[in-house]
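Take a look at the structure below.
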Amino acid sequence: MSRTALVFTEQKDGRIRNVSLECLTAANHIVDGGEVIAVLYGEKNQAHIDELGKYGADKVIVLNNENLKSYTAMAYKQAMVQVIEHTVPDVILLGHTGNGKDTAPRVAARLGIGLISDCIDVSVEAGELILTRPIYAGKAFEKKRFVKGPAFVTIRSNNIGTNEMIKVPVVQIMDVEIHDLRATLEDVVRNATSGVDLSEAHVVVSGGRGVKSAEGFQCLTELAEVLGGAVGASRGACDAAYCDYSLQIGQTGKVVTPDLYIACGISGAIQHMAGMSQSKVIVAINKDPEAAIFEVADFGIVGDLFEVVPYLTEAFRRMQEVS
Ligand code: FAD
């Protein structure tokens, strides 16, 4: 069954976020000859349009309004509602990012349609669209389908992957009306954290209370830098003020699905596992051989992280020098 899919894209630091490209890949899997439409906010940017074509957009709609140049939930919600009403898609996809989590329920409520959030797979079985999402802090998965209305779905980063294709998208500029804004964005003040976005990083080196101090995180940062990854943390480490809460991974923090997750001095509480157990390869470094983190780890190192982590950093550095 041929479908039209609408993908709302997101930009960060002037680049299309990888999860938006994953949404385009998912859309191409399921449209069955139908059209994949990507939506860009704010202004026409040819490099972004080319990139969206490279990852499978047949058409790019550029939403034209001054108020869309930076994110506010009210403005984006109004714009999204207008594009959905204009294109009448069968499927609507966007990243399960901070902004995605903020806007998708508002749009669903405004349009009176269903929403299935935080999906890690989108497939077609016997002609029906099936969405897979983790439940019980990642201990089980449920498969869901829509019984009516468009399929409105948010996608978790780093699960679907991206596929390059060669498409030259048709571009449409669409004027949208934004009114009654209750807030506008004045400025963004960034934390001085590593350049790699934690929720989309391919490698995460994460520290827990076992790291013992803010200075203790330095050796984790060095390992993350060598591996081109980001530093994360348990809530134990954040509560102890060893690092900023923006690094917290888990049930009440960020959910990450990197190719490699290195847990250093983290016991493996269920609330932490909820944020990292879907990582492709998990390495745990802990002094306690009975630590629960070893139950989800693919590789476990029983030892003192202050000996193991610098050793790994040096070994990876040497490997990179050789290759
Ligand atoms: P600990 O449990 O104290 O573990 C420290 C570990 O370090 C131990 O296993 C120890 O053996 C090891 N260690 C010590 N020294 C060394 C060393 N030198 N080398 C190697 N290993 C060493 N937690 C989260 O992480 N994320 C969440 O989102 C989250 N949400 C929560 C929500 C709720 C409602 C509640 C109640 C709790 C939540 N928690 C969350 C907290 C969670 O229950 C744990 O308390 C927390 O994850 C423990 O952090 P930790 O593993 O760093 O610390």
For this session: Please give the number of the condition Ser234 fails out of (1) under 17 Å from Ser199 (Cβ atoms); (2) touching an Asp or Glu at 6+ places or on another chain (Cβ under 8 Å).
Result: (2)
Exercise. Only one of these conditions is not met by Lys148: (1) of a type outside the set (Asp, Glu); (2) buried (at least 19 other Cβ atoms within 10 Å of the Cβ); (3) free of Cβ contacts under 8 Å to residues at least 40 places away in the same chain. Which number is it?
Worked result: (2)
Problem set entry | Residues of the range 120-136 classified as in a loop (DSSP other than H, G, I, E, B) and either touching a Cys at 6+ places or on another chain (Cβ under 8 Å) or buried (at least 17 other Cβ atoms within 10 Å of the Cβ) (or both), total | 1
For this session: For Gly42, work out the one condition from (1) of a type in the set (Gly, Ala, Ser); (2) more than 20 Å from Arg3 (Cβ to Cβ); (3) at pLDDT 95 or above; (4) in contact with a helix residue (DSSP H, G or I) (Cβ under 6 Å, 6 or more places away or on another chain) it doesn't fulfil.
Result: (3)
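On the given criteria, is Cys243 in a helix (DSSP H, G or I) and within 13 Å of the ligand (Cβ to nearest atom)?
On the way: in a helix (DSSP H, G or I): no; within 13 Å of the ligand (Cβ to nearest atom): yes.
Considered against the rule, which asks whether it is in a helix (DSSP H, G or I) and within 13 Å of the ligand (Cβ to nearest atom), Cys243 comes out as no.
Quick check on the range 97-106. Is at least one of its residues out of contact with any His (no Cβ under 7 Å at 6 or more places or on another chain) and more than 21 Å from Glu22 (Cβ to Cβ)?
Start the filter on the range 97-106 by keeping residues that are out of contact with any His (no Cβ under 7 Å at 6 or more places or on another chain), which leaves 97-106.
Cutting the leftovers down to more than 21 Å from Glu22 (Cβ to Cβ) gives us 106.
Yes, the range 97-106 contains a residue that is out of contact with any His (no Cβ under 7 Å at 6 or more places or on another chain) and more than 21 Å from Glu22 (Cβ to Cβ).
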Problem set entry | Residue that is nearest to the ligand (Cβ to nearest atom), among those in the range 273-288 that are free of Cβ contacts under 8 Å to residues at least 40 places away in the same chain and not in a loop (DSSP other than H, G, I, E, B) | Ile285
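Against the definition (free of Cβ contacts under 8 Å to residues at least 40 places away in the same chain and either touching a Gly at 6+ places or on another chain (Cβ under 6 Å) or not in a strand (DSSP E or B) (or both)), how does Gly268 come out, yes or no?
In short, yes.
Does any residue of the range 142-156 turn out to be closer than 28 Å to Thr313 by Cβ, outside any strand (DSSP E or B) and either of a type in the set (A, V, I, L, M, F, W, C) or touching a His at 6+ places or on another chain (Cβ under 9 Å) (or both)? First the steps, then the outcome.
Applying the first criterion (closer than 28 Å to Thr313 by Cβ) to the range 142-156 yields none.
Among the residues of the range 142-156, not one is closer than 28 Å to Thr313 by Cβ, outside any strand (DSSP E or B) and either of a type in the set (A, V, I, L, M, F, W, C) or touching a His at 6+ places or on another chain (Cβ under 9 Å) (or both), which makes the answer no.
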For this session: Taking only the range 252-265 into account, find how many residues are crowded, with 23+ Cβ neighbours inside 10 Å and either near the ligand (Cβ under 8 Å from one of its atoms) or not in a loop (DSSP other than H, G, I, E, B) (or both).
Result: 5
For this session: Might you check whether a residue that is at pLDDT below 95, among the aliphatic types (A, V, I, L, M) and either in contact with a strand residue (DSSP E or B) (Cβ under 9 Å, 6 or more places away or on another chain) or part of a strand (DSSP E or B) (or both) occurs anywhere in the range 102-119?
Result: no
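Among Gly149, Gly161, which is the only one that is of a type in the set (Gly, Ala, Ser), more than 19 Å from Thr4 (Cα to Cα) and modelled with pLDDT under 95?
Unique residue meeting the criteria: Gly161.
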Exercise. From the set of residues in the range 289-316 that are out of contact with any strand residue (DSSP E or B) (no Cβ under 8 Å at 6 or more places or on another chain) and within 7 Å of the ligand (Cβ to nearest atom), which is nearest to Phe141 (Cα to Cα)?
Worked result: Asp304
For this session: Could you run through the range 266-307 and say how many residues are β-branched (Val, Ile, Thr), more than 15 Å from Leu227 (Cα to Cα) and either exposed (fewer than 14 other Cβ atoms within 10 Å of the Cβ) or out of contact with any helix residue (DSSP H, G or I) (no Cβ under 9 Å at 6 or more places or on another chain) (or both)?
Result: 1
Exercise. Which one of the conditions (1) under 26 Å from Val19 (Cα atoms); (2) touching a residue at least 60 places away in the same chain (Cβ under 8 Å) does Ile249 fail to meet, given that it meets all the rest?
Worked result: (2)
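The values are calculated or read from the model by the stated rules, or taken from the named source; none is laboratory data. Please read these numbers as outputs of a predicted model, since none were measured by experiment. Cβ coordinates were reconstructed from backbone atoms using ideal geometry, including for glycine residues, and neighbour counts include every protein chain displayed.
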